[in-house]
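Encoded as C-alpha cells, the structure appears first; notes follow it.
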C-alpha cells in the first residue's frame, strides 16, 4: 500500500489508505494530491498546503487600517507559500490501526496526516509556530485545499453556532456589496465546519476550534490557523497581536482538521454524526493501578 | 458525594477570552479562570466516577486527568507500568472505534478491555516536533494507540500493563516506519 521513493529518478507517489479512504501524496512535492472514497468511488484531485498572508501595516489612501487583533487585512490578495525544497514528507508510518504521513513545510510549520482503521475521515494535525518575527512582517497563516471542484463561487460555514449558511464570493444576501477587501471581505467565522461541493462530491472540513475560513476561488477552501503581527489595529486593545509565549519566542499552535469526502446527499448526516463525536468526545481519566484484571472486575 | 452536585463550569463566552482581542494580562487572567473551572470540573467527574466504581469498602483511586495529551504529556501513563484508563461517553449512543493515544516510555504494552479481552494496539514514536513543542515538560518516548468502545452515557475502563518478555508481544501490531530523506 505504500510506495517509498528509492531515488530521485524512481520516485513514486506515496499512498496511505484504510477501508474508507485513500490518500495519495505527490512524489515531488510530498503534498496531498488525491483523495478517494473507496466505498463510493468518489475521487477528488486536491492539493493541500500552508500559506501566509502578509499583514497590512496601513497603506491605504482612505485609511491607515492595519491588520491586528480585531482586523484581518492582508496587504495582497495572494498568500505566499510555505514550502521546503523537495518533498515535505519526512516519514511514513503504516500499521493496522493507524497510518501516518509526516510533513515538514518549514522550521515552524509541520503536519501529520492520519487515517485510523474504520474511520471515514482523515485527520490532519497541524503544528504552526513560533511564527518568525525578525523580518518584521506580520503573518497570517492558512491551510488551503485547492481542488478540481466547480463550486460556483459558493461555500458553506456553520457561523455563529447556528445553522449552516451558504456564502457566495463578493456577495451579500440582503444588500449590494461594494467589495473593497477581496480576501478579508470574504472571510467568515467557522465554529465547527466548512465545506464546498459540486453535484457529486462534497469536501467537508471540521475544525477543533473556531477559525476564520473562506473559498476565494472555485474548488478552493482555506482556514486561518495562526497569526502574529506587529502593529495595533486601533480598535481599542492597544497592543499588537504578538504574544511571546512561555518560551519567549512566540506561540506554537497545534490543532486538527477532520476531512471528509462524501456525496452531498450523504455528507449532511455524516458530518453531523462526526461532529457529535468530536465535540462531545469521550472524557478520559487515568489512575495508577495495582489490581489484576480479575481483581479490578 | 455532595461535591458531585456542585455546579462546575469552565466556559468563557466573551470574544476576548478566545480570539486574541485582549491585552496580554487579560489573556493570562482568562487562562487562569478557565484552568480553575476545568480543575473543578475534573473534581466533579472524579467524584462521580468514584461513586459508580465503589465496591463494598474499597475506594477506587482518585482519577487523574491529562490536559496535554496533544503534545504527549501525561505523568500517570509515563511513570507507571500499570495503569487504568476510564473513558466516559457523554453521547446518548454507543461510541465505537474512538482511538486513544497515550504517551508512554515502554516499548510494548498489553491493553485489556472491560470484558478482560486483549485489545489491538499500535506503538508510535513521539515525533521530534512534539518533543520540541513540549520542551522540558515531558519525556515520553512513544505513544500507545488503541481503540475504545463506550456505551451511551456510560464509561469503560481499560487496564494497561507494560509488557515484559515476548509473550505479550503478539498484541504489538506490526508496523512499518519509513524515514524519507
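Using alpha carbons only, how many angstrom separate the centre of segment A:61-140 from the centre of segment B:1-73? Using only Cα atoms, the two centres lie 30 Å from each other. The label point for residue A:291 and the one for residue A:210, both projected 7 Å from the Cα toward the Cβ, are 4.2 nm apart. Packing-based ranking of A:11-17, A:38-44, A:209-215 yields A:209-215, A:11-17, A:38-44, ordered from highest to lowest mean Cβ neighbour count within 10 Å. Sorted fewest first by neighbouring Cβ atoms within 10 angstrom, B:96, B:121 come out as B:96, B:121.
Taking 14 Å as the cut-off, the amide N atoms of segment A:200-232 that come nearer than this to a point 7 Å along the Cα-to-beta-carbon line of residue A:170 belong to A:216-218.
Ellipsoid semi-axes for segment A:170-216, based on the Cα gyration tensor and the rule √(5λ), read 22, 15, 9 Å when sorted largest first. Antiparallel beta bridges, as assigned by DSSP with both residues in chain B, represent about 95 percent of the total such bridges.
In chain A, the calculated helix contribution to ellipticity at 222 nm averages -2000 deg cm²/dmol per residue, counting -39,500 (n - 2.57) for every DSSP H run with n ≥ 4. Size descriptors for segment A:128-210: radius of gyration and Dmax over Cα atoms are 15.2, 46 Å. Exposure proxy shown here: for A:228, A:162, A:254, the number of other Cβ atoms within 10 Å sets the order, fewest to most, as A:162, A:254, A:228.
Here the sum of -39500 (n - 2.57) over DSSP H runs of 4 or more residues, divided by the residues of chain B, equals -7500 deg cm²/dmol at 222 nm, to the nearest 500. What is the angle, in °, between the Cα long axis of helix A:264-279 and the longest principal axis of the Cα atoms in chain A? Nearest 10 is fine, range 0 to 90. Taking the Cα atoms of chain A, the angle to A:264-279 is about 90 degrees. Expressed in units of 2.2 N^0.38 Å, where N is the residue count, the Cα radius of gyration of chain B is 1.19.
Calculated FRET efficiency, residue B:25 and residue A:247, Cβ-Cβ r, R0 25 Å, to nearest 0.05? So the FRET efficiency works out to roughly 0.85. Within 10 Å of the Cβ of each residue in B:63-72, the mean number of Cβ atoms contributed by other protein chains is 3. Find the percent of Cα-Cα distances in segment B:49-114 that exceed 17 Å, and round it to a whole number. Everything past 17 Å amounts to 55 percent. Sorted ascending by nearby beta carbons within 10 Å, beginning with the fewest, B:68, B:88 become B:68, B:88. Peptide A:257-264 shows a mean partner chain C-beta count of 0 within 10 Å per residue C-beta. Please compute, over every Cα-Cα pair in segment A:187-297, the percentage with a separation greater than 24 angstrom. Result for the distance tail: 50 percent.
Evaluated at q = 0.11, 0.13, 0.14, 0.19 Å⁻¹, the base-10 log of the normalised Debye intensity for segment A:107-246, with identical point scatterers placed on the Cα atoms, takes the values -0.50, -0.69, -0.79, -1.27.
Cβ-Cβ distance of residue B:131 and residue A:83, R₀ of 25 Å, FRET efficiency by 1/(1 + (r/R0)^6): the value works out to about 0.55. Global size of segment A:1-157: 18.3, 59 Å for Rg and Dmax (C-alpha atoms, Rg to one decimal, Dmax whole). Applying 0.36 nm per residue to the separation of residue A:148 and residue A:135 and subtracting their alpha-carbon distance, the gain on full extension is 1.2 nm. Kirkwood hydrodynamic radius, computed over distinct alpha-carbon pairs, for the protein assembly as shown: how many Å, to one decimal? Final number for the Kirkwood radius of the protein assembly as shown is 24.1 Å. Taking the inverse of the mean 1/r over every pair of distinct Cα atoms in segment A:245-297 gives a Kirkwood hydrodynamic radius of 16.0 Å. What percentage of all Cα-Cα pairs in segment A:231-273 are separated by more than 13 Å? Cα-Cα pairs in segment A:231-273 separated by more than 13 Å: 72 percent. Peptide A:229-238 is shielded by partner chain Cβ atoms: per residue, an average of 1 of them sit within 10 Å of its Cβ.
Each reported figure results from applying straightforward, stated rules to the coordinates on display, with no laboratory input. In this text, all values refer to a predicted model and were calculated from it rather than measured experimentally. Heads up, the Cβs are rebuilt from the backbone with ideal geometry, glycines too, and the neighbour counts pull from every protein chain shown.
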